[in-house]
Each structure stands twice: as structure tokens, then as C-alpha cells.
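Beneath this line is the structure, given in C-alpha cells, with notes to follow.
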Amino acid sequence: MEDLYKKMNELISEYDSFIVMGHKNPDLDSLGACLGLCEIIESFNKKAYLFLNDSNLENYNSNINQSFERMEKNIICVNDKTYKKISGNILNIVLDTHIALRLEYPDIINKFDTVVLDHHIKNKDYIKNTRFFYIDTNLSSMSELITYYAKYLNLDLDNVIATILLAGIEIDTNGFNLKTTSKTYNAAGILLDMGADSIIKQELLKETKEEYIKRATFISNSFMISENIAMCILNGKCTSLELAEVAEELLTFEDVEASFSIGKIDNDLIGVSARSLGKIDVEEIMKKMGGGGHSSNAATQIKGKTLKEVRQEIIDSVKNLDK
Ligand SMILES: [Mn+2]
């Protein structure tokens, strides 16, 4: 990743001010990576602005709210109105997504030069005309990438930011399980050395009772479609993130080696998230349905079909696997 960090150093030295933004409905990986990058940019004596509506924190989930309550370091936030006051030559850096519609304020990418750094599977609706575009789908989290960037710069990150980054790695790997390499554990070690607090991290990762019940209701509607493959249909409208979370959670149950979650993510758009512990190739199934990914982590989005049709297509594909 040294080449990436050199490139980022070059880019940072070229501009005066930076808008750093994660995805809409941020999670702790998105937030942690953004905060870490803001601190890195400031270490170059440049101005970093986090794109987040901090006057309206109740719009965000409880993890994000709590993180802000604990922040000691002053991070300047901008929103869709206040960003206009930023002066100088501005670079917009997008982290943890590469899709314009996943941004809280997609218009921003047409206003400034944009850099995208992500670890999600490349979607055809990726942000085009960027100054620099980087995706590494083998990476556990953006928090891991930013942790190693700070380490590369010999920068000791703020304790609370290091704690949020640690929580970010934990969230994205589902507790150091998915996509976890020795480098991921190492990143956790680096963050602890920087002063990350594992008790505060646990507090940050807590969910509200409502969030828990919503998730548990999804899971309680899951069923097995073969001896070792679980499926869950999410009723009502849901987000891609919820689909991914449910598919990941299903993998933690006994006898489940692969999982599929299906839900309506938009009008006439069905999303599928697929996960595998490794033996079953879920990418193959998602590819057949117009999606892609990795053998253990794949997804697709389908237009013009019902939940029932998509569900049957997956069940048929799974049957064909055994043949
Ligand atoms: Mn992430």
C-alpha cells in the first residue's frame, strides 16, 4: 500500500483544503476512516472538513451520535450549505463508497476534484471523472487502510479517533472474522498502541434496543434452503447495508456455510447480498444474476423481478451447485 500512500501524499500537497466524506447513513468504519484522514490531512498543515450534518446528529444512528459526544479533538464539519464557505483550492475525498447515490450530498462530486478510496465490490454506477480512484476489495475496512496510512506517516492519531477506527475494523469484519488477515489484527495492535480504548470501543459498538429488535426480526424470518445454506427475506424497504449485515449474521449460526439475504432496496429494485465461509462459491451464483464480487462475499441488484422470483432463482442455482 506504500504506492497508495505516496500518491495520497502528493495529492494532499497539491490542494489547500479538503472535504472528507463517507457514505450516507455512516457506520463506524466510514466515520472512523474520515476522522482519521482529517487528522492526517491536518498533519500536513492543511485544512480538513468532515462532511457531516453535526447540527442534526439525531438523524444518524446511535453509534455515530455517541462517537461525536466522545470526541475531544475539534473536527470542523460542513454540510450541503456551509461547504460553500471553504476557500482555496479544494479536493473532495470520498471514503468507504464509490457510488454517488450512496453519498449524503452527491452534487459535491461535480463541484470539486474528487478522489475515491473504497473496499467495496465495484458497482457499474461508480463515480466517474475522478482525480484518483482506488478500490481494494481484499481490504477488511477503510479503517485498516487509514490506520496504515497514519503508521506510514509516523502519526500518532488522537485516542478517540483511534478508538473509532478500531470499532470500524470490528464492525466491517464482524468481530475479526470476515476478510481478516494478520494485517487486520496488526492494525488493531497499532490502534491500541496509539491509545485506542477497548472499553470505550465496546460502548461505541452498542446498539439500541430498537436496532437490535429490527435485526432480530429479520433473522427470525430466515430459513434454510439446503442443508447448509440459509436465506432471509427482508420485508418492506431496506438498505444494501441491512442486507449485508443480515447475510453476515446468518453465517454465525450453526450449520450455515453460506447465506443469502433478499430485499427491496428501491422501487422495482431487488438487492441480494451473499456470504460464504469459503467452501461455497457465492460469486458464481451472483454472477449468473448480473452481480459479482468474491467467492465468499458477493451481491447483485435486479430490476423488473419480484422478491419471490429472485428467491426462486437463488434456490434453483443452489440446487444446481450439488450437481
Ligand atoms: Mn467499510
Take K183 and tell me if it is assigned to a helix (DSSP H, G or I), away from the ligand (no atom under 16 Å from the Cβ) and more than 20 Å from E39 (Cβ to Cβ).
no
Restricting attention to segment 274-295, does a residue exist that is part of a strand (DSSP E or B) and over 19 Å from the mean Cα position of the chain (by Cα)?
no
Mind listing whichever residues of segment 298-321 are without any contact (Cβ under 8 Å) to a residue 24 or more places away in the chain and more than 24 Å from D266 (Cα to Cα)?
D316, N320
So, N123, is that one in contact with a His (Cβ under 8 Å, 6 or more places away or on another chain), polar (S, T, N, Q) and farther than 21 Å from T252 by Cβ or not?
yes
May I ask you to list the residues in segment 151-180 that are surrounded by fewer than 24 Cβ atoms within 10 Å (Cβ to Cβ), part of a helix (DSSP H, G or I) and more than 16 Å from the ligand (Cβ to nearest atom)?
K151, Y152, N159, V160
So how many residues does segment 296-323 have that are touching an Asp or Glu at 6+ places or on another chain (Cβ under 9 Å) and in a strand (DSSP E or B)?
5
Tally up the residues in segment 110-147 that are among the aromatic types (F, W, Y) and surrounded by 24 or more Cβ atoms within 10 Å (Cβ to Cβ), please.
0
Extreme residue, nearest to L31 (Cα to Cα), among residues of segment 95-114 that are away from the ligand (no atom under 16 Å from the Cβ) and either outside the structural domain of I19 (by TED's automatic domain parsing) or polar (S, T, N, Q) (or both):
T114
Just to be sure, is L117 within 16 Å of the ligand (Cβ to nearest atom) and either among the aromatic types (F, W, Y) or in contact (Cβ under 8 Å) with a residue 24 or more places away in the chain (or both)?
yes
Taking the condition of being assigned to a strand (DSSP E or B), hydrophobic (A, V, I, L, M, F, W, C) and out of contact with any Gly (no Cβ under 8 Å at 6 or more places or on another chain), how many residues in segment 245-270 meet it?
3
Can you name every residue in segment 100-119 that is modelled with pLDDT of 90 or more and either β-branched (V, I, T) or assigned to a loop (DSSP other than H, G, I, E, B) (or both)?
L103, Y105, I108, I109, K111, F112, T114, V115, V116, H119
Do you know which of the residues in segment 120-137 that are within 19 Å of H294 (Cα to Cα) and part of a loop (DSSP other than H, G, I, E, B) is nearest to the ligand (Cβ to nearest atom)?
H120
Answer residue from segment 14-30, given it is crowded, with 17+ Cβ neighbours inside 10 Å and in a helix (DSSP H, G or I) and is nearest to the ligand (Cβ to nearest atom) among those
D29
Report, by residue number, each residue of segment 35-72 that is assigned to a helix (DSSP H, G or I) and of a type in the set (K, R).
R70
Among the residues of segment 31-49, write down those that are within 16 Å of the ligand (Cβ to nearest atom) and aliphatic (A, V, I, L, M).
L31, A33, L35, L37
Working carefully through the options L91, L11, find the one that is more than 21 Å from the chain's Cα centre (by Cα), assigned to a strand (DSSP E or B) and touching a residue at least 12 places away in the same chain (Cβ under 8 Å).
L91
Any chance segment 209-218 includes a residue that's under 19 Å from the mean Cα position of the chain (by Cα) and surrounded by 13 or more Cβ atoms within 10 Å (Cβ to Cβ)?
yes
Which is assigned by TED's automatic domain parsing to the domain that holds R70 and either in contact with a Leu (Cβ under 6 Å, 6 or more places away or on another chain) or part of a helix (DSSP H, G or I) (or both), of I219, I200?
I200
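The values are calculated or read from the model by the stated rules, or taken from the named source; none is laboratory data. Quick caveat, the model's predicted, so the values are computed rather than measured. Glycine also receives a Cβ, built like all others from the backbone with ideal geometry; neighbour counts cover every protein chain displayed.
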